[in-house]
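The values are calculated or read from the model by the stated rules, or taken from the named source; none is laboratory data. Quantities reported herein were computed from a predicted structural model and do not represent experimental measurements. Cβ atoms come from the backbone with ideal geometry, glycine included; neighbour counts cover every protein chain shown. Please note that ligands, DNA and RNA were not included when accessible areas were found on the heavy atoms of the full protein model with its side chains. Shrake-Rupley method; radii C 1.70, N 1.55, O 1.52, S 1.80 Å.
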Amino acid sequence: MGSQGQPEEGFNKCILVTGGAGFIGSHTVLQLLEDGYEVYIIDNLDNSVEEAVNRVRDLVDQRFRQNLHFFLGDLCKKEDIEKVFSLAKFDAVIHFAGLKAVGESVANPFRYYKNNLVGTLNLYEIMAKHGCKKMVFSSSATVYGQPKVIPCVEDFQLSAMNPYGRTKLFLEEIARDVYQADPDWRIILLRYFNPVGAHPSGQIGEDPKGIPNNLMPFIQQVAVGRQPELNVYGNDYPTKDGTAVRDYIHVVDLADGHISALQKLFKASDIGCTAYNLGTGCGTSVLEMVAAFEKASGKNIPVKFCPRRPGDATAVYASTEKAEHELGWKAKYGIEEMCRDQWNWARQNPWGYISP
Ligand code: WQD
């Protein structure tokens, strides 16, 4: 489902995917394999489990199963990156690995700076040493801070509201500096809006460790009875129903966006270091999301209205024109499919990958 590439696209190309056992990483790895790429995953399993990789292997056509390799490793250990680079010659890297919980980053900024910045700097150094200078980087709409105007356009002024967001902002600036210093690099920065949903098989999906920070995994846990109710952070925003608005995007659309970015890296010698929004361009409120999930699941999601969450923006959604025109990519799935597929994953895996 979803891939825009053709199997011949990936033949004879080998991709390193950091964080490939994670939510977006696992969905992207599945699409890469289906498009004929050979894929090596390096992941420290800090916020993921190897079962996700096993599920991807089971889902992919048996012709491509031998193209998937998993390496348990940490980007903060140069020796781990060197080891994985000794296993294959990589044509490009898709770099997902990173800590991403906003609240946690406020409580523990050093852990976020060390993991997200040092890990990425190690990766750049060893990629260059091995002559691999093509990277798709997992950035985030968080670099738009509190946008004064929406939809967000890629050339907007950037800012960050928390240490997690600052790591993404700093890593975008580092990418631009790396390219300025050595134009042999080709780097695409993908700014995700709010990734939700799951592969339609229901075999892979979002399985955050601990209490979910994000809206949809929390709603998912209420629906399966793991949480009693959803705390809605703020119903006094100047929006259609008082709750905050976001641009939710199906994770399969997001995975497709990475395939399109990879194809661009291989085809466009003048890509330099360029940022693209990966969103739908549509804004959905928290209460609209709750209603859509109740409709998709047939479950009641009790809500409790709470004060606003510090640092939350009123409304954030993407301008999608640049990715459409330059990557030939556009999101295909709407809120209904996102909720349908997220429920299908939750219904089959109420406790995520590892049942208690
Ligand atoms: C969405 C809306 C909350 C939980 C962050 C990062 C972004 C990306 C996605 C990593 C907000 C409300 C949430 C809850 C709620 N992360 N909410 N009750 O904050 O838009 O984006 O996660 O890639 O980079 O910034 O996503 O899902 O946390 O919140 O009412 O229990 O849902 O207040 O309005 P957010 P979110």
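Along region 239-245, what does the Karplus equation 6.51 cos²θ - 1.76 cosθ + 1.60 (θ = phi - 60°) give for ³J(HN,Hα), rounded to whole Hz, x for Gly and Pro?
10, 4, 10, x, 9, 5, 10
Just need the relative contact order of region 37-158 here, percent rounded to a whole number, with Cα pairs under 8 Å and 6+ apart.
Averaging sequence separation for qualifying contacts and normalising by length gives 26 percent for region 37-158.
Dividing the alpha-carbon radius of gyration of region 80-175 by 2.2 N^0.38 Å (N being the number of residues), what value is obtained?
1.20
Exceeding 31 Å between C-alpha atoms, which entries from my cross-link table qualify? They are 13/332; 100/264; 13/148; 77/330; 13/295.
Check vs 31 Å cut-off fails for 13/148; 77/330; 13/295.
Considering only protein heavy atoms and a 1.4 Å probe, what is the carbon-and-sulfur percentage of the accessible area of region 210-356?
Reported share for carbon and sulfur atoms: 49 percent.
Please work out how much length the chain gains when fully extended from residue 89 to residue 12, using 0.36 nm per residue of separation minus the C-alpha to C-alpha distance, in nm with one decimal.
26.7 nm
Using helices alone, what [θ] at 222 nm do you get for the chain, with -39,500 (n - 2.57) per DSSP H run of 4 or more residues, divided over all residues and rounded to the nearest 500?
-11000 deg cm²/dmol
Taking only the Cα atoms of region 95-250, how large is their convex hull per residue, in Å³?
154
For residue 144, enumerate residues with amide H under 5 Å from its amide H, sequence gap 5+ or separate chain, H modeled in the peptide plane.
For residue 144, whose amide H was placed from the backbone, the distant partners under 5 Å are 159.
Once phi is turned into θ = phi - 60°, what whole-Hz ³J(HN,Hα) does the Karplus curve with 6.51, -1.76 and 1.60 give for every residue of region 107-123, x standing for Gly and Pro?
6, 9, x, 4, 4, 5, 5, 5, 5, 7, 7, 5, x, 6, 4, 4, 5
For the chain, what is the relative contact order in percent, using Cα pairs closer than 8 Å and at least 6 residues apart in sequence?
The value is 19 percent.
Given H placed on each backbone N at 1.01 Å, which residues far from residue 94 in sequence or on other chains put an amide H within less than 5 Å of it?
Result for residue 94 returns 16, 17, 18, 136.
Sorted by accessible area with a 1.4 angstrom probe, largest first, how do 177, 241 fall?
In descending accessible area the options line up as 177, 241.
Out of residues 5 or more away from residue 249 or on other chains, whose amide H comes under 5 Å of its own, with H placed 1.01 Å from N in the peptide plane?
194, 196
Subtract the Cα-Cα distance of residue 236 and residue 54 from 0.36 nm times their separation in residues, and report this length gain in nm to one decimal.
61.1 nm
Short version: ³J(HN,Hα) in whole Hz for each residue of region 216-221, in order, from phi by Karplus 6.51 cos²θ - 1.76 cosθ + 1.60 (θ = phi - 60°), x for Gly and Pro, what are they?
In residue order, the calculated couplings are 5, x, 6, 4, 4, 6 Hz.
Taking R0 as 41 Å, what's the FRET efficiency between residue 229 and residue 153 from their Cβ-Cβ distance, rounded to 0.05?
Computed FRET efficiency for residue 229 and residue 153 comes out at 0.65.
Taking all protein chains together and a probe of 1.4 Å, list 186, 309 from the most accessible to the least accessible.
309, 186
Could you point to the residue in 281, 238, 262 farthest towards the positive end of region 197-292's charge dipole, with +1 and -1 charges on the Cβ of Lys/Arg and Asp/Glu respectively?
Positive-end residue among those listed: 262.
What percent do you get for the relative contact order of region 210-356 when only Cα pairs under 8 Å and 6+ apart count?
The normalised contact order for region 210-356 reaches 35 percent.
Magnitude of the Cβ-charge dipole of the chain, K/R +1 and D/E -1, about the Cα centre, nearest 20 debye?
Here the chain has a charge dipole of around 500 debye.
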